[in-house]
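Engineer: Below: one structure in structure tokens.
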Amino acid sequence: MDELKSNLDQFFLVICGIFILFMQTGFAFLEAGSVRSKNTTNIIMKNVLDLFIGAIMYFAIGYSFAYGKPGNAFIGHNYFFATNMDENFTYAGWFFQYVFAATASTIVSGAMAERTEFTTYMVYFTFLTGFVYPVVAHWCWSEVGWLKVGMGENTHGLSYIDYAGSGVVHLTGGSAALVGAIALGPRIGRFKPDGTVNDLPGHTVTVAALGGFILFVGFMAFNGGSQLSISNPGDGNVVALSVMNTVLGGASGAIVAMLVYKTTDAIRGEDHYWSLLITINGGLAGMVSMCAGCNDMLPWAAVVIGTIAGLAFMGWHHLMLFCKIDDPLDAVAVHLGGGLAGVLLAPIFVMKGLTSPETQQHVGGIIYGGNYLAFQSFGWNLLGAVAIIGWTVAISTLLFGSMKLLGVLRVSEADELRGLDEIKHGEPAYPIKSYSDQSPPY
Amino acid sequence: LNLDELKSNLDQFFLVICGIFILFMQTGFAFLEAGSVRSKNTTNIIMKNVLDLFIGAIMYFAIGYSFAYGKPGNAFIGHNYFFATNMDENFTYAGWFFQYVFAATASTIVSGAMAERTEFTTYMVYFTFLTGFVYPVVAHWCWSEVGWLKVGMAHGLSYIDYAGSGVVHLTGGSAALVGAIALGPRIGRFKPDGTVNDLPGHTVTVAALGGFILFVGFMAFNGGSQLSISNPGDGNVVALSVMNTVLGGASGAIVAMLVYKTTDAIRGEDHYWSLLITINGGLAGMVSMCAGCNDMLPWAAVVIGTIAGLAFMGWHHLMLFCKIDDPLDAVAVHLGGGLAGVLLAPIFQHVGGIIYGGNYLAFQSFGWNLLGAVAIIGWTVAISTLLFGSMKLLGVLRVSEADELRGLDEIKHGEPAYP
Amino acid sequence: LNLDELKSNLDQFFLVICGIFILFMQTGFAFLEAGSVRSKNTTNIIMKNVLDLFIGAIMYFAIGYSFAYGKPGNAFIGHNYFFATNMDENFTYAGWFFQYVFAATASTIVSGAMAERTEFTTYMVYFTFLTGFVYPVVAHWCWSEVGWLKVGMAHGLSYIDYAGSGVVHLTGGSAALVGAIALGPRIGRFKPDGTVNDLPGHTVTVAALGGFILFVGFMAFNGGSQLSISNPGDGNVVALSVMNTVLGGASGAIVAMLVYKTTDAIRGEDHYWSLLITINGGLAGMVSMCAGCNDMLPWAAVVIGTIAGLAFMGWHHLMLFCKIDDPLDAVAVHLGGGLAGVLLAPIFQHVGGIIYGGNYLAFQSFGWNLLGAVAIIGWTVAISTLLFGSMKLLGVLRVSEADELRGLDEIKHGEPAYP
């Protein structure tokens, strides 16, 4: 029976992991559709390497830093190159955590699209998957991580609440993306000399929407699978509730973002549109905000948090433009905006929340419990968010800054204007001669 | 006990995973439709499919699930669980998710038939009605424990519709038909002399992508409809459903392909191996499997799929003959395939159908399914006529001629699909 | 007992879900191929992939499954279950579905190598043979309980091929090789002076979409090949298979990318980071994992994937050197990767391979796998040569020069992909 349960849990992890792996496809095509046709191959190539360099790095060192046992409060240090691993369960765990790591890292390539040097990209990506993200995961999800453990015995069961990684995955990815976009500077022509924004639309909405749809599907497994087991009493309910809340949070985020975009433009007296890309990104932000606490909140709370995440997305979207930071994918607004909303709102809306060590009772979030520990929990999540952002921004600044000083961060102006596909990859995404060519080639 | 909890978890795992695949079918519908419209309306149709997901979720959360499965309920409608309140924690979240993806599927069928000419805000209104009210009531009749079609009249009589040939596809197909009629054809669809003018979609690749995804999703749509995996025999039923779905789709696709090729050849016209006809034939075959694929031998799946392929071609030509413009053939696929499924299932059922059983109850069962089909179509057509008719009278149903010619992407969304 | 029924259900659930993911790989193949041909042949290649699914289903239902797993059977072929009759209800439906998606995968490999110049009806004929006869016989040899490669000669000797590096990919790759040779290169593929003329596919985006879907599907392809999840240790094996598949693919992709870049740099030519080479290298790495990923440590997966990446580049250049035109590199990926997998698995097996065991049986096992590879290639090449050779003699294998230049979409399907 125990063996059956163990098998069942691993089956669950593997299947959810496959769906999450599929999210890489989603990111790849959301990004591919959102860049100009001259950089399509380049951005897809980056997403392919996210998968594959990510796998090698996570195999070599990443999993060890995150979940290696023994480990200290800051970092793990065992299982390098998958050695010393207990056979039972760790392979499934590796796979599941690996797809999370790939997700976190892939967020960055969107914000840095269309102007990053390819080899540079491979270097920073290696750092992100192999070191930056695993350390954050260790802090928050490993049994001995300092955010997970809380402050010590005097803190009465305090622990950082982040079920599926609003903070661990999306804040990390979003912060690195922000630093990258700032370090690179905007694409040529993104801002006019008078400071107004110049639209550089992606080359095909269809492909971007395909990516969005795949991400919506994958998020169900991302949040549902984060329960990590299905054989313990109550697991099924938690998984199902997580999925339901993810749908509702995404729906609220999408609808709110769509309406805000339409009405603000209408109020300003400009052309006002039902924007598909804003709707998709709003939905993603809503789902991102669900990651922190969707396992433990009633559906109405999911609608409320999704709504706030949709508003946060629009706020970050405008803030980025106002600061003249060029993020072709709105990756920062979606993942940093949505993730921050999730981490901060979860302790407010959770039903059960933390467990008091004295009474062994769930104390609830601020709304349902409202006692001292519930407020402490909010503070601890706030601290967690600050720590994650601080760590990621510090390392990223070091990394991108030194690359910028070395002059290897950004491609030359000529290359940027011509597009990276021909120059770096020799494979324009849509070669002219392969269309409607009905004559012999020579 | 321990084992019972494990079984409950396993069943919910099953529902959630199958539900995720069915959710993926929305992607399939979106791209089948996107590829089948002209490039100037691509963003518009994808936007509609995104909102199908999201407005659908909110409506199904607010009222839809309550009308369909709220307990207590009467024979006509349920009335509890509004805004997911009062829900028993155990199992209802998984149930909600699984039923929600079904509701989204039913409603999304409509946007295909009404593509390229519907006012966007109007679309949001009718869609809200469909997911929130029209479909849930049908689901209540047929699948809730107290629904009148489910309960039957007596003697174990019950409406047979395992995965919704009727509940999902007849409902969606009927609403699509009314919508297409109310809107009238796209500009230039029919020449002044009455002949058909082809308005091909802008990219076959994208349409085919959608078709492939739908084929994949249908496996979970029909397999998952067993609703549990932990009870004795569940595994066999799920596997049989999936196998039959493959075979039904295969027969439908091959038959439709051959019929299209040969009828044109006989008429002496250019005759082609049409990809889109093949894909739609396959979909019609899978739609027809929904009603009874859990309880029929594989040979019967081939037979029903073949009939569904023929039915699809018949409806396809009938629509053109009646000058009803359905850019996606949604009516032919879902109404044609769904009707075939509902009517043929009681004949071919392995346990007690007309062929294998042949007693009085088997014939009664056929009659009850026929009544069910009539009831579903009648209900949906009535409400849809009211809805689309009043919108038409108000003049908000269809976009202006200038907008239609220029395309909806630029005008409504400011995002041409291929700038 | 109750628990046994639960385990049976769980195993079937596992097979069905993995099968659905593998079915999704058809979508991957379709779009990898669609993106890699010129726009004038897009509809044609997608149509072939749709029919792979559907004709494959009918053939595998009618005869394929019977030849492969029909009981009783002899060492060479099975002979029962024709048209799914006489099947034991318990489990065989799930088994049929899972084996069917494997058969469809094996057969679909061929259409890539023969793209852009094959007569459509001819394609349907050879495809019918492949899914209905050639592949099922190989599967019978290697995976059925009584197959001669499976049974071995003595002393526990048995052909090692967990998920089909040999059964699926060598079979598909060999048939693809024969097909590509029989057809000859596309017009303009090789210049009169013998140098290679690039005929790039029309959209990298679509090809990459296909590649991504294949990567995802391979997880279920290799993980699902355990065929059960309820027995002690199943979970570990499935998870290890998936982990190794990721690592093998990663090594293959990175190695192929670097080799392509550096060899061109050394030659002093323009040197690029090629996306399509990277994707194909990753696929070759995953193909090579099929044989033994259930029983090797992760470091071995990295080693084998690396070798597979090199093998892919070797086959890629060999094909060009021999002036064989394979638009998709299907031979290099599946024959190259598959052969590497079959030969390396007995060396790196954790339980009793040459490295960890090193006894007499381990070396015998290597010899037996070598024999298996030779037998599979020999069988497939023999039948394919007969098939494609006779078609060539009849003059029905290849389309006319005029049709090839104009493209197959308009002529055969009447549906240009981008009207």
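The values are calculated or read from the model by the stated rules, or taken from the named source; none is laboratory data. Just so it is clear, the model here is predicted, and its values are computed rather than measured. Note: ideal-geometry Cβ built from the backbone for every residue, glycine included; neighbour counts use all protein chains shown. The area values use the complete protein model at the heavy-atom level, side chains included, leaving out ligands, DNA and RNA. Shrake-Rupley method; radii C 1.70, N 1.55, O 1.52, S 1.80 Å.
Engineer: Can you tell me which residues in region C:305-350 are in contact with a Phe, Trp or Tyr (Cβ under 6 Å, 6 or more places away or on another chain) and at positive phi?
Structural biologist: C:Lys323
Engineer: Collect the residues in region A:202-236 that are free of Cβ contacts under 8 Å to residues at least 24 places away in the same chain and facing another protein chain (nearest Cβ under 7 Å), keeping them in residue-number order.
Structural biologist: Scanning region A:202-236 gives A:Pro233, A:Asp235, A:Gly236.
Engineer: Condition (residue is at pLDDT 90 or above, open to solvent by less than 10 Å² (accessible area, probe 1.4 Å) and within 10 Å of another protein chain (Cβ to nearest Cβ)) applied to region B:108-119: is it met by at least one residue?
Structural biologist: Scanning region B:108-119 turns up no residue that is at pLDDT 90 or above, open to solvent by less than 10 Å² (accessible area, probe 1.4 Å) and within 10 Å of another protein chain (Cβ to nearest Cβ).
Engineer: Scan region A:55-66 and tell me whether some residue there is at the interface with chain C (Cβ under 8 Å from one of its Cβ atoms), small (Gly, Ala, Ser), in contact with a helix residue (DSSP H, G or I) (Cβ under 7 Å, 6 or more places away or on another chain) and touching a residue at least 40 places away in the same chain (Cβ under 8 Å).
Structural biologist: Taking every residue of region A:55-66 in turn, at least one turns out to be at the interface with chain C (Cβ under 8 Å from one of its Cβ atoms), small (Gly, Ala, Ser), in contact with a helix residue (DSSP H, G or I) (Cβ under 7 Å, 6 or more places away or on another chain) and touching a residue at least 40 places away in the same chain (Cβ under 8 Å).
Engineer: Sticking with this structure for a sec: Out of C:Leu335, C:Leu394, C:Leu344, C:Leu328, I need the residue that is away from chain B (no Cβ under 14 Å) and open to solvent by 30 Å² or more (accessible area, probe 1.4 Å). Which one?
Structural biologist: C:Leu394
Engineer: Which of (1) touching a residue at least 60 places away in the same chain (Cβ under 8 Å); (2) not in a helix (DSSP H, G or I) is the odd one out, the single condition B:His271 does not satisfy?
Structural biologist: (1)
Engineer: For region A:325-333, does any single residue satisfy the condition of being touching a residue at least 60 places away in the same chain (Cβ under 8 Å) and farther than 27 Å from A:Phe216 by Cα?
Structural biologist: Scanning region A:325-333 turns up no residue that is touching a residue at least 60 places away in the same chain (Cβ under 8 Å) and farther than 27 Å from A:Phe216 by Cα.
Engineer: Looking at region C:1-47, which of its residues are at the interface with chain B (Cβ under 8 Å from one of its Cβ atoms), of a type in the set (A, V, I, L, M, F, W, C) and farther than 29 Å from A:Ile432 by Cα?
Structural biologist: Of everything in region C:1-47, those that are at the interface with chain B (Cβ under 8 Å from one of its Cβ atoms), of a type in the set (A, V, I, L, M, F, W, C) and farther than 29 Å from A:Ile432 by Cα turn out to be C:Leu3, C:Leu6, C:Leu10, C:Phe13, C:Leu15, C:Val16, C:Ile17, C:Ile20, C:Leu23, C:Phe24.
Engineer: Of these, B:Phe363, B:Phe388, which one is surrounded by fewer than 16 Cβ atoms within 10 Å (Cβ to Cβ) and within 30 Å of B:Gly341 (Cβ to Cβ)?
Structural biologist: Being surrounded by fewer than 16 Cβ atoms within 10 Å (Cβ to Cβ) and within 30 Å of B:Gly341 (Cβ to Cβ) holds for just one of B:Phe363, B:Phe388, which is B:Phe363.
Engineer: Next question. What do you reckon, is C:Ala311 at pLDDT 95 or above and either more than 22 Å from C:Ser36 (Cα to Cα) or under 19 Å from the mean Cα position of the chain (by Cα) (or both)?
Structural biologist: Yes, satisfied.
Engineer: Another one. If you go through region A:61-89, how many residues are open to solvent by 10 Å² or more (accessible area, probe 1.4 Å) and part of a helix (DSSP H, G or I)?
Structural biologist: Total satisfying the criteria: 10.
Engineer: Filtering region A:237-263 down to residues that are without any contact (Cβ under 8 Å) to a residue 12 or more places away in the chain and polar (S, T, N, Q), which residue is farthest from B:Ala84 (Cα to Cα)?
Structural biologist: Among those that are without any contact (Cβ under 8 Å) to a residue 12 or more places away in the chain and polar (S, T, N, Q), it is A:Thr263.
Engineer: Are there any pairs with C-beta distances below 9 angstrom linking a residue in region C:189-201 that is closer than 22 Å to A:Ala429 by Cβ and of a type in the set (A, V, I, L, M) to a residue that is open to solvent by 60 Å² or more (accessible area, probe 1.4 Å) and part of a loop (DSSP other than H, G, I, E, B), with the two at least 6 apart or on different chains, and if so which?
Structural biologist: From region C:189-201, the pairs are C:Val196/C:Lys323.
Engineer: I'd like to check something: does region A:333-344 contain any residue that is at pLDDT 90 or above and open to solvent by 60 Å² or more (accessible area, probe 1.4 Å)?
Structural biologist: Checked region A:333-344: no residue is at pLDDT 90 or above and open to solvent by 60 Å² or more (accessible area, probe 1.4 Å).
Engineer: Just checking, how many residues over region C:210-243 are open to solvent by 10 Å² or more (accessible area, probe 1.4 Å) and either more than 7 Å from every other protein chain (Cβ to nearest Cβ) or at pLDDT 90 or above (or both)?
Structural biologist: Here the count works out to 9.
Engineer: So C:Asp52 clears everything in (1) closer than 22 Å to C:Cys142 by Cα; (2) more than 8 Å from chain B (Cβ to nearest Cβ); (3) assigned to a helix (DSSP H, G or I) except one condition, right? Which one?
Structural biologist: Only one criterion in (1) closer than 22 Å to C:Cys142 by Cα; (2) more than 8 Å from chain B (Cβ to nearest Cβ); (3) assigned to a helix (DSSP H, G or I) is unmet by C:Asp52, namely (1).
Engineer: Next up: Please give the number of the condition C:Phe221 fails out of (1) in a loop (DSSP other than H, G, I, E, B); (2) closer than 30 Å to C:Leu361 by Cα.
Structural biologist: (1)
Engineer: Taking region C:167-197 as the search range and keeping residues that are facing chain A (nearest Cβ under 9 Å) and of a type outside the set (A, V, I, L, M), which one is most open to solvent (accessible area, probe 1.4 Å)?
Structural biologist: Among those residues, the one meeting the criterion is C:Pro192.
Engineer: Find all pairs meeting these conditions: Cβ atoms under 6 angstrom apart; at least six residues apart or on different chains; first residue within region C:365-393 and over 19 Å from C:Gly166 (Cα atoms); second residue of a type outside the set (D, E, K, R) and not in a helix (DSSP H, G or I).
Structural biologist: The qualifying pairs are C:Met391/C:Leu397.
Engineer: Could you count how many residues in region B:56-78 are outside any helix (DSSP H, G or I) and of a type outside the set (A, V, I, L, M)?
Structural biologist: Summing the residues that are outside any helix (DSSP H, G or I) and of a type outside the set (A, V, I, L, M) in region B:56-78 gives 7.
Engineer: Can I ask one more? Consider A:Asp296 against the criteria (1) open to solvent by less than 10 Å² (accessible area, probe 1.4 Å); (2) over 25 Å from B:Ile45 (Cβ atoms); (3) more than 9 Å from every other protein chain (Cβ to nearest Cβ): it satisfies all of them except one. Which criterion is unmet?
Structural biologist: It is condition (1) that A:Asp296 fails.
Engineer: Out of C:Ala300, C:Ala291, I need the residue that is touching a Phe, Trp or Tyr at 6+ places or on another chain (Cβ under 7 Å), open to solvent by less than 10 Å² (accessible area, probe 1.4 Å), farther than 28 Å from A:Ala32 by Cβ and outside any helix (DSSP H, G or I). Which one?
Structural biologist: Residue meeting the stated conditions: C:Ala291.
Engineer: Find the helices (runs of 4 or more DSSP H) located wholly in region A:127-221 whose residues include 3 or more that are more than 24 Å from A:Leu409 (Cα to Cα), and list them.
Structural biologist: Qualifying helices (runs of 4 or more DSSP H): A:133-141, A:146-149.
Engineer: Go through region C:81-97 and give me each residue that's more than 9 Å from every other protein chain (Cβ to nearest Cβ) and either open to solvent by less than 20 Å² (accessible area, probe 1.4 Å) or of a type in the set (S, T, N, Q) (or both).
Structural biologist: The answer is C:Asn86, and nothing else.
Engineer: Can you tell me which residue is nearest to the other protein chains (Cβ to nearest Cβ) among those in region B:256-276 that are under 14 Å from B:Ala308 (Cβ atoms) and buried (at least 24 other Cβ atoms within 10 Å of the Cβ)?
Structural biologist: Looking at residues that are under 14 Å from B:Ala308 (Cβ atoms) and buried (at least 24 other Cβ atoms within 10 Å of the Cβ), I get B:Met257.
Engineer: Any idea which residue in region B:277-294 is farthest from the other protein chains (Cβ to nearest Cβ), counting only those that are in contact (Cβ under 8 Å) with a residue 40 or more places away in the chain and of a type in the set (Val, Ile, Thr)?
Structural biologist: The qualifying residue farthest from the other protein chains (Cβ to nearest Cβ) is B:Val287.
Engineer: Would you check which residues across region B:244-255 are of a type outside the set (Val, Ile, Thr) and either part of a loop (DSSP other than H, G, I, E, B) or facing chain C (nearest Cβ under 8 Å) (or both) and list them?
Structural biologist: B:Leu247, B:Gly249, B:Ala250, B:Ser251, B:Ala253
Engineer: So for region C:8-26 (the condition being open to solvent by 10 Å² or more (accessible area, probe 1.4 Å) and among the acidic types (Asp, Glu)), does at least one residue qualify?
Structural biologist: Within region C:8-26, one or more residues are open to solvent by 10 Å² or more (accessible area, probe 1.4 Å) and among the acidic types (Asp, Glu).
Engineer: Could you list, in sequence order, the residues of region A:8-38 that are among the small types (Gly, Ala, Ser) and open to solvent by 10 Å² or more (accessible area, probe 1.4 Å)?
Structural biologist: Hits for region A:8-38 are A:Ser34, A:Ser37.
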